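Heads up, the thing below is written out as structure tokens.
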Amino acid sequence: MPDPDARQPIRLAVLNDFEVVARGVAAMLAPFADRVRVVEVDCGVLVSQPVDVALYDAYAITGSGHRDLDLLVADEMVGHTVLYTWEVGPWVDEVAQDARLSGVVRKSASARELVDAVERVQAGERVVVTAEGEPVDDQPRPAEWPGRAEGLTPRQSEVVALITEGLSNQEIARACYLSINSVKSYIRAAYATMGVTSRSQAVLWGVDHGFRRGGRMRVLADRVPHDGS
């Protein structure tokens, strides 16, 4: 007979407007399925079933993404909402309180640290992982992002995604909570990797390499990726 005291895995939904990003996070969490079970991966839509935690990946988040967070927090099918983000400055706690989020986890955290944070949130703790100073561009992890195969780092990829959408450097700085000089530095490095020299060329490159937001997509538990594919 099943042990009634055995802890069931936390039911988790992963959300992002870019399918490759959401699938990558799900694959990264697959080795911890005994603790956290990804029951659906959503792109351009919100959850379709009750979940303990909705993990919203903030890759290339814009105004619509912030509205999605508000909807998730208010959704009765979502127990807790956690933002998975590069933004790790000391001001994050205030942002999280304003959005009524249950947690904010930095993207430089390991998969195990992310799972630990999700478990703490499910236990009723409010988790905000912060660090002093501007976030650094972390080295590649098992998760996926547009442009990874072409050599872009995660942070460069996010900046290119926003360029592809037509945002100015100043708008990118505000969206990513970066200094304008950091944005320019990421752009220079990304352009060198992409082999382009102008913004118009970068936009065309982005369109050709999957940097447009995907359409509406939902993958339920039996089809959630476990190997990044």
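Once phi is turned into ³J(HN,Hα) by the Karplus curve 6.51 cos²θ - 1.76 cosθ + 1.60 with θ = phi - 60°, what whole-Hz value does each residue of segment 28-45 show in order, with x for glycine and proline?
Using θ = phi - 60°, the values come out as 4, 8, 4, x, 10, 5, 6, 10, 9, 10, 6, 9, 7, 10, 10, 10, x, 9 Hz.
So what are the ³J(HN,Hα) numbers for segment 47-52, from phi and the Karplus equation (6.51, -1.76, 1.60; θ = phi - 60°), rounded to whole Hz, Gly and Pro as x?
5, 10, 8, x, 9, 6
How high is the FRET efficiency from Lys184 to Asp70, r the C-beta distance, R0 25 Å, rounded to 0.05?
It comes to 0.20.
Quick check on packing: order 101-112, 192-203, 70-81 by the mean number of other C-beta atoms within 10 Å, highest mean leading.
Ranking the peptides 101-112, 192-203, 70-81 by packing returns 101-112, 70-81, 192-203.
Report relative contact order for segment 24-87 in percent, whole number only (criteria: Cα-Cα under 8 Å, sequence separation at least 6).
In percent, rounded to a whole number, it is 35.
All of the numbers you see were taken from the coordinates with simple rules; none came from a lab. As the structure is a computational prediction, the values presented were derived from the model and not from experiment. Note: ideal-geometry Cβ built from the backbone for every residue, glycine included; neighbour counts use all protein chains shown.
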